[in-house]
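Okay, structure first, notes after.
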Amino acid sequence: MPEKLITLVLHGGAGTILRSEMTPEKEQRYTEALERALDLGYGVLENGGSALDAVETTVRELEDCPLFNAGRGSVFTATGGHEMDACIMDGRERQAGAVSLVRNIRNPVSLARLVMEKSGHVFLAGEGAEEFARQQGCMTEPAGYFHDDFRYAQWREVAGSDTVQLDHSASRAGGMAETPLKDHKFGTVGAAALDAQGNLAAATSTGGLTNKRFGRIGDSPVIGAGNFADNSTCAVSCTGSGEYFLRGVVAYDVACLMEHKGWSLAEACREVVHKRLLRLNGDGGLIAVDAQGHFALEFNTEGMYRAVRNSAGLRQVLIYGND
């Protein structure tokens, strides 16, 4: 049996990320933000911490960065506010926690963990999730904390219309009207990890769609669709057109191929992202780690903000499809 590699992977969204549209300054900002999150999360693992702590730490850092559509950088809804979703899952016994449609919560991923560990439930939404957050003493922020000038301008272009915008792509929105983005800021964030004890975990967080209505929820907080972890197979975090990832049960589909067909992590991820998801006309990507520390960074778009670090000395931050 080969030695297991302590491994952390993360993503900051997938979509139309083109080198030709990226200034050196913007690329540096994204690279530095991904490096900070990667090193913080991996530091937890390196010091003997759990995969669960590592993915929460990583995603919290990405939520605090306005470059990404999660936490502080969340996009605006149709009413000019913010509704955030998050999920976290522990691979040891498939314990999981998720929240959706929460406002003013600084780190939705940490609230999701509290749901898992303190509520006796798995998934809380809206006002109920916010009441639970108050009871647990979660850190909150005023609406101004979540205001980003670019996000606001992005929303104002479509405010008052039926148009929604996918933050990570200029393509589809599950049949909903959509206009292309003039400047692409890609967003859903996530992490997956294997720790020294052989435990897997995954976490995902998002601000959803620009100008979304009707309490729309994508795949990010949904266990098995946008996030999944099981010690016997893998840990997965997804990013992309949420409606398609929901319909494809994408994160769990990867684990199923490994468990029931005996496929490797690489084989399963390629099949799901490049064949099954595309058959649904879905675009996006995923990051994953298996029980040996092998990792996958798969996407069917032009790029995906992504990074990996492991105990074999690999430390890599990538953005474009041809990196």
Point to revise | Only one of Ala192, Ala229, Ala225, Ala268 that is crowded, with 24+ Cβ neighbours inside 10 Å, touching a Gly at 6+ places or on another chain (Cβ under 7 Å) and not β-branched (Val, Ile, Thr) | key: Ala229
Study note, to complete from the structure: When segment 271-291 is checked residue by residue, the ones that are in contact with a strand residue (DSSP E or B) (Cβ under 9 Å, 6 or more places away or on another chain) and surrounded by fewer than 16 Cβ atoms within 10 Å (Cβ to Cβ) are His274
Exercise for review: Kindly establish whether Glu63 is without any contact (Cβ under 8 Å) to a residue 24 or more places away in the chain and either touching a helix residue (DSSP H, G or I) at 6+ places or on another chain (Cβ under 7 Å) or not aliphatic (A, V, I, L, M) (or both).
Suggested key: no
Exercise for review: Go through segment 8-31 and count every residue that is touching a strand residue (DSSP E or B) at 6+ places or on another chain (Cβ under 9 Å) and either more than 13 Å from Thr239 (Cβ to Cβ) or not in a strand (DSSP E or B) (or both).
Suggested key: 9
Practice item. Hey, could you check segment 84-107 for residues that are charged (D, E, K, R) and surrounded by 24 or more Cβ atoms within 10 Å (Cβ to Cβ) and say which is nearest to Asn199 (Cα to Cα)? Key: Asp90
Revision key, fill the gap. Counting only residues in segment 16-41 that are of a type in the set (Ser, Thr, Tyr) and over 20 Å from the mean Cα position of the chain (by Cα), the one nearest to Glu63 (Cα to Cα) is identified as Thr23
Exercise for review: Scan (1) under 15 Å from the mean Cα position of the chain (by Cα); (2) in a helix (DSSP H, G or I); (3) β-branched (Val, Ile, Thr) for the single condition Val44 breaks and write down its number.
Suggested key: (1)
Point to revise | Conditions (1) buried (at least 24 other Cβ atoms within 10 Å of the Cβ); (2) closer than 26 Å to Arg103 by Cα; (3) at pLDDT 95 or above: number failed by Gly207 | key: (3)
Review point. So which residues in segment 234-253 are over 24 Å from Thr16 (Cβ atoms) and buried (at least 24 other Cβ atoms within 10 Å of the Cβ)?
Key: Cys234, Ala235
Review point. Of these, Ala196, Ala201, which one is assigned to a strand (DSSP E or B) and modelled with pLDDT of 75 or more?
Key: Ala201
**Study point:** Residue count, segment 102-115 (criterion: out of contact with any Lys or Arg (no Cβ under 9 Å at 6 or more places or on another chain) and outside any loop (DSSP other than H, G, I, E, B))
**Key:** 8
Point to revise | Failed criterion for Cys65 (all others in (1) in contact with a strand residue (DSSP E or B) (Cβ under 6 Å, 6 or more places away or on another chain); (2) closer than 15 Å to Leu10 by Cβ hold) | key: (1)
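What about Val59, is it at pLDDT 95 or above and touching a strand residue (DSSP E or B) at 6+ places or on another chain (Cβ under 7 Å)? Working first, answer last.
Values: at pLDDT 95 or above: yes; touching a strand residue (DSSP E or B) at 6+ places or on another chain (Cβ under 7 Å): yes.
In short, yes.
So that you can scan it fast, the table gives a plain yes or no per residue for (1) within 13 Å of the chain's Cα centre (by Cα); (2) under 21 Å from His11 (Cβ atoms); (3) not in a helix (DSSP H, G or I):
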residue: Ala54; (1), (2), (3): no, yes, no
residue: Asn69; (1), (2), (3): yes, yes, yes
residue: Arg72; (1), (2), (3): no, yes, no
residue: Val75; (1), (2), (3): no, yes, yes
residue: Asp85; (1), (2), (3): yes, yes, yes
residue: Gly97; (1), (2), (3): no, yes, yes
residue: Glu117; (1), (2), (3): no, no, no
residue: Gly128; (1), (2), (3): no, no, no
residue: Phe132; (1), (2), (3): no, no, no
Exercise for review: Could you pull out the residue among Thr16, Thr57 that is surrounded by 15 or more Cβ atoms within 10 Å (Cβ to Cβ), farther than 12 Å from Leu194 by Cβ and in contact (Cβ under 8 Å) with a residue 40 or more places away in the chain?
Suggested key: Thr16
Check your understanding: If you check Val75 against the conditions, is it modelled with pLDDT of 95 or more, surrounded by 23 or more Cβ atoms within 10 Å (Cβ to Cβ), in contact with a Gly (Cβ under 9 Å, 6 or more places away or on another chain) and not small (Gly, Ala, Ser)?
Key -> no
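The values are calculated or read from the model by the stated rules, or taken from the named source; none is laboratory data. This one's a predicted model, so the numbers in the text were calculated from it and none came from an experiment. Please note: Cβ atoms are built from the backbone with ideal geometry, for glycine as well, and neighbour counts cover all protein chains shown.
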